[in-house]
Amino acid sequence: MRLTLDQFRQWRHRNITLLGMSGVGKTHLASMLREHEWFHYSVDYRIGTRYLDEEIMDLIKWQAMQVPFLRDLLRKDWIYIRNNIKVNDLGPVLSFVGKLGNPELGGVPLEEFQRRQALYRAAEIRAIHDIRLFIDKAQDIYGYSHLVNDVAGSLCDLEDDGAIGELIRHTLILYIEVTEPEEEQELIRRAQSSPKPLYFRPDFLQLAVRDYLAEHNMEYAAEMDPEDFTRWVFPRLFAARVPRYRAIADPHGYTVTSREVSRVRDEADFIEMVERAIDRQQGG
């Protein structure tokens, strides 16, 4: 939604979606705001606990059943396995999505990777459509005054107008843009060292695999080192997403820089940053 500066200041129950690449600071901001009467809605957490929970558990159980000792315990219901995903630790979702490449190196075969990508996309869309539900829950059940929506970095790649429309209708979209080359390199470094679940548009993935294979003189995705491919593809994914983020933020939201975000220490700083973004958009 678009608001004037006065409308934003008078907005009693604020609902803000943080948009941007993984590692740009969305979860950091959301975690900070949680200490100031903001409900933190994490799309990836909702994906892992609601819409991919069964798929994640099936994969874990399949792996456990390959171990005779664990297989016996599971079949006799002497143990149980649960998904212990956390807002700031998306390990189970990351493990399910996996990394494309040689299975002998821990990679996921191309066809299976594409299947999981489709499931992840569908789950993300469903989690986004829950935003209206959680705006109400945040106030009526948990007693929070405001909601911050920590959306997945892949929002711009979903190619689903309905999901984006839900966010436009019910939240103020704040795009965190990386403008400095050194900050871009640091974001890429953090994402490569501490990866989060990644969704790739099918056409982007097809071209990325083709280019990687050609560059490394390989014929099949099953030959790729999954860790190397993930490191290789992330900068390209980052570059491909920037204009897509802009296509959402320019007509429907507001933009702040990662440098501005790095200076936010508390709720007052955050509100001041949003007000500056609104004022810039209005030409103030």
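Any read-out appearing in this document is the output of simple, stated calculations on the displayed coordinates, not a laboratory observation. Just so it is clear, the structure is predicted and the values come from calculations on it, not from any experiment. Quick reminder, even Gly has a Cβ in these numbers, built from the backbone with ideal geometry, and neighbours come from all protein chains shown.
Key figures
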| item | result |
| --- | --- |
| GluC sites (Glu not before Pro) within the stretch 215-284: DSSP coil, no more than 15 neighbouring Cβ in 10 Å | E219 |
| Separation of the E182 and R126 label points, Cα + 7 Å toward Cβ, nm | 4.5 nm |
| The stretch 5-279: antiparallel DSSP beta bridges as a percent of all, rounded to 5 | 5 percent |
| The stretch 5-279 shape via C-alpha gyration tensor axes, a/c threshold 1.5 | oblate |
| Highest-fluctuation residue, L147, L110, L155 considered, GNM on the chain with Cα pairs under 10 Å | L110 |
| Candidates R259, R82, R241: whichever shows maximal mean-square fluctuation once the chain is modelled as a Gaussian network with Cα springs under 10 Å | R82 |
| Estimated 222 nm signal from helices in the chain, with DSSP H stretches of n ≥ 4 weighted -39500 (n - 2.57), rounded to 500 | -17000 deg cm²/dmol |
| Full-extension gain in nm, S95 to Y142, via 0.36 nm per residue minus C-alpha separation | 13.8 nm |
| Förster radius 41 Å - calculated FRET efficiency between R9 and Q63, Cβ distance, rounded to 0.05 | 0.20 |
| Additional length obtainable on full extension of the chain from R210 to R246, 0.36 nm per residue less Cα span | 10.3 nm |
| Cα centroid of the stretch 1-35 to Cα centroid of the stretch 200-277, whole Å | 20 Å |
| Shape metrics for the stretch 1-120, restricted to C-alpha atoms - Rg then Dmax, Å | 19.6, 65 |
| Modelled FRET efficiency - R0 22 Å, H28 with K86, Cβ distances, 0.05 increments | 0.90 |
| Backbone N within the stretch 10-33 under 12 Å of label point (7 Å from D269 Cα along the Cβ vector) | 29, 32-33 |
| Set of lysines near K99 by C-alpha distance (under 29 Å), chain-local residues within fewer than 8 positions excluded | K26, K61, K86, K196 |
| Summed residue charge, Cβ within 15 Å of L213's Cβ, Lys/Arg positive, Asp/Glu negative | -4 |
